[in-house]
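Working notes for the structure below.
Read-outs: derived from the displayed coordinates by stated rules, not from any lab. Note that the structure is predicted; figures quoted are calculated from it, not measured. Note that we place each Cβ from the backbone using ideal geometry, even for glycine, and neighbour counts take in every protein chain shown.
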Amino acid sequence: MTNQTANDLAFSRAKASIPGGVNSPVRAYGSVGGTPRFLVDAHSAYVTDAEGREYVDLVASWGPAILGHAHPAVVEAVREAAGHGLSFGASTPGETELAEIVRERVSVGDQKPIGKIRMVSTGTEATMTAIRLARGYTGRDLLVKFAGHYHGHSDSLLAEAGSGVATLALPGSAGITVETASQTLVLPYNDLDAVRAAFDEHSERIAGVIVEAAAANMGVMAPDRGFNRALSEITRRHGALLIVDEVLTGFRVGSAGWWGLEASRVVPDGAGWEPDLITFGKVIGGGMPLAALGGRAEIMDYLAPLGPVYQAGTLSGNPVAVAAGIATLRLADASVYRRLDEVADVLARETSAALSAEGVAHSVQRAGNLFSFAFTGETPRNYDDVRAQEGWRYAPFFHSMLDQGVNLPPSVFEAWFVTAAHDDAAVSRILQALPAAARAAASA
Ligand code: PMP
């Protein structure tokens, strides 16, 4: 009998009580194989598993931990808030403070796309509410999304593309009715002709277009230059709303998210437009369950209690989560974003160099400080392109890194997340692990 590790034991025990042993599927290591690491501690740039092994972490709780894990000031804010009660089910001054911080922060010059903001607990709720609001506001039924973009697991947003352009989608999960799925049009990313064709055919019926500000759930894939602005022009022309999903990019790629990078011309050719609605999650809660949707006040006021679109939550605007969010956003200043960019630059460059040294064809996928690698010689621009990569090279790469003490996302379709706590020691531990991992990818 092989020796069972503490992780093996934790996993078998979990599987007896929890479907697949996990509360979110990617944690099961389905696409890389092996036993998931059960984590017991996370501090600064490191996580520790059930066996007491420490890893440099490049998952960062899938995005929230931009300051590094368990930043002392954030933990202190949480302790302080918790001391006053965990949840009231009533309004608190902190919610307004966080709303004001977000409104102020997500602005560039006189562009202020967040007139009002409503807090919820997960990114899924934020996007689900945003599309209900778009439908309620416009009185239309259809929604446009892009293949390979992830917006959480509500029914309308799990629709997948059939082949070709503007296909009425088939359900992307069992349990979603064909009627629901058929109200979502799934188009190829970066394909404005497909968007125009969908509007030509269904102009009177499309309530909105939802798009990741920069795609990061099929690996990272920045939009083509001017793509988001063109979406804004097309939706406006047809009386539909543009919902920009910044759950992942918001407060991570920059102080005002990806939209902020475009509006302030850090990303070229993107300025001069505003989203109608924006969704936030992850960083806004500093690692606690908090997310939000915001946008033009006139649209946001369609939400109950002012308007006819219903949305509610027992734990919405939870005071402990709000305290973590406020503390995190207050600390995330220009020096934090500079460090995130620096670490991302070094890791993207050196990982690419290690792969090249072993002759592994790859494309470095970047969107601000988010990055990932696609195992293909071409630059993918949509979901079909990225699915055509030699994805099997990732599992041996991932496991080599893990064995050497680096915790990467357990799927080639996920972004790598850096934190401002990745100091030179943490970065050099990652760099040392790269040559062996690249060899593993090459021989796969
Ligand atoms: N939108 C995007 C762009 C996301 O990346 C995610 C989660 N990774 C979600 C929505 C859903 O957020 P949550 O997991 O908090 O429901």
* Structure fact -> In whole angstrom, the spacing between the Cα centers of segment 375-416 and segment 242-257 equals 23
* **Spatial separation of Cα centroids for segment 274-334 and segment 30-88, in angstrom** => 22
* Taking 0.36 nm per intervening residue step and subtracting the Cα-Cα distance, what contour gain separates Phe88 from Arg103 on full extension? -> 3.0 nm
* How far, in nm, would the chain grow between Ala174 and Ala353 when pulled straight, counting 0.36 nm per residue and subtracting the alpha carbon separation? -> 60.3 nm
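Run the numbers on the chain and let me know its relative contact order in percent, using alpha-carbon pairs under 8 Å that are six or more apart.
Dividing the mean separation by the residue count of the chain yields 21 percent.
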* Calculate, axis by axis, the spread of Cα positions in the chain along the three principal axes, and write the results as whole Å, longest axis first. => 61, 55, 46
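Roughly what % of DSSP beta bridges within the chain run antiparallel, to the nearest 5?
On the way: 28 of 46 bridges.
Taking every DSSP beta bridge with both residues in the chain, the antiparallel ones total about 60 percent.
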* Label-point gap, in nm, between Arg265 and Asp41 - each point 7 angstrom along Cα→Cβ -> 4.9
* Over segment 257-299, volume per residue of the alpha carbon convex hull, in Å³ -> 75
* Structure fact -> By the Cα gyration tensor axes a ≥ b ≥ c (a/c under 1.5 gives rounded; else a/b larger than b/c gives prolate, otherwise oblate), the shape of segment 339-444 is oblate
* Once a ≥ b ≥ c are taken as the square roots of the eigenvalues of the Cα gyration tensor of segment 99-158, is the result rounded (a/c under 1.5), prolate (a/b larger than b/c) or oblate (a/b not larger than b/c)? -> prolate
* Selection from Asn382, Ser173, Ser316, by position along the positive dipole direction of the chain (Cβ) -> Ser316
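Could you list Arg229, Arg13 in order of exposure, starting from the residue whose Cβ has the fewest other Cβ atoms within 10 Å?
On the way: Arg229 19, Arg13 12.
The fewest-first ordering by Cβ neighbours comes to Arg13, Arg229.
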* Work out the FRET efficiency for Ala304 and Asp110 from their Cβ-Cβ distance, taking R0 = 41 Å, and round it to the nearest 0.05. => 0.85
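By count of other Cβ within 10 Å, fewest leading, how are Lys112, Lys282, Lys145 ordered?
Working: Lys112 13, Lys282 26, Lys145 29.
In increasing order of surrounding Cβ atoms, one gets Lys112, Lys282, Lys145.
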* Asked: Of the chain, which part is the longest with no chymotrypsin sites (Phe, Trp or Tyr not before Pro) in a loop (DSSP not H, G, I, E, B) and with at most 12 other C-beta atoms within 10 angstrom?
  -> 89-309
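Would you mind putting 200-209, 237-246 in packing order, based on average other-beta-carbon counts within 10 Å, highest first? Working shown, then result.
Working: 200-209: 18.1, 237-246: 24.3.
Ranking, from highest mean packing down: 237-246, 200-209.
Work out, step by step, the length gained on full extension between Ser154 and Arg237: first 0.36 nm times the residue separation, then minus their alpha carbon distance; give nm to one decimal.
Numbers: separation 83, 0.36 × 83 = 29.88 nm, distance 2.78 nm.
That works out to 27.1 nm of additional length.
Which of the GluC sites (Glu not before Pro) across segment 372-444 are loop residues per DSSP, with 12 or fewer other Cβ within 10 Å?
Values: sites: Glu378, Glu390, Glu414; in loops: Glu378, Glu390, Glu414.
Those satisfying the criteria are Glu378.
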* Quick one: divide the alpha-carbon radius of gyration of segment 75-331 by 2.2 N^0.38 Å and tell me what you get. => 0.98
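For a quick check: sort Leu331, Leu67 by the number of other beta carbons within 10 angstrom, fewest at the front. Please report the intermediate quantities before stating the final value.
Details: Leu331 17, Leu67 25.
If I rank by nearby Cβ atoms, fewest first, I get Leu331, Leu67.
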